[in-house]
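The values are calculated or read from the model by the stated rules, or taken from the named source; none is laboratory data. The shown structure was predicted, so the numbers you read here are calculated from the model rather than taken from an experiment. Heads up, the Cβs are rebuilt from the backbone with ideal geometry, glycines too, and the neighbour counts pull from every protein chain shown. The protein model used for the area step is the full one, side chains on, heavy atoms only, and it has no ligands, DNA or RNA in it. Shrake-Rupley method; radii C 1.70, N 1.55, O 1.52, S 1.80 Å.
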Amino acid sequence: MQITTEEQDNGYAIVVRGSLAIDTVTRAKAPLLAALARADHIDLDLSGVERFDTAGLQLLLLLRREARGAGRRVRLIDVSAPVQATMRRCAAERWFDMDATRGDAARAEVAAP
């Protein structure tokens, strides 16, 4: 698993590559929560996630809960097929703000009131 972080307007674009599953989520948790604590929003690019299970979903739900509790936002960008499949099996898509690509996310930011 690899996580890269890039600052953007009052937030971060974070790219996750590799596995976000039971054997890697503990390593992903701290950097993701730390970024959320320093930002108004996080755009989480999941296009490079090749393995994703319910432990990964639990981590995303934790991020969502922490963000909402602090008045912040987590948006999922370019969600890979393994992430989509797990979310579909768990009927979890409705719980997340998702955009197809970073470009879509940037256009949505500009269009927001």
*Using the Karplus curve 6.51 cos²θ - 1.76 cosθ + 1.60 with θ = phi - 60°, work out ³J(HN,Hα) for each residue of region 88-98 in order, rounded to whole Hz, and write x for Gly and Pro.*
5, 4, 9, 6, 9, 4, 5, 8, 10, 7, 10
*asked:* Give me the percent relative contact order of region 1-98, please, defined on Cα pairs under 8 angstrom at least 6 residues apart.
replied: 27 percent
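About the Cα centre of the chain, how large is the charge dipole given +1 on each Lys and Arg Cβ and -1 on each Asp and Glu Cβ? Please answer in debye to the nearest 20.
Around 420 debye, computed over the chain.
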*asked:* Could you work out what % of the accessible surface of the chain is carbon and sulfur, using a 1.4 angstrom probe and leaving DNA, RNA and ligands out of the count?
replied: 49 percent
*Residue-normalised accessible area of the chain, expressed per residue, 1.4 Å probe, Å²*: 54 Å²
_Given bins 10 angstrom wide, list per bin the percent of all Cα-Cα distances in the chain, short to long._
15, 52, 31, 3, 0
*Obtain the radius of gyration and the Kirkwood radius of region 1-58 from its C-alpha atoms and give Rg over Rh.*
0.96
*Cβ-based net charge around Ala39, under 13 Å, with every Lys or Arg adding one and every Asp or Glu removing one*: -2
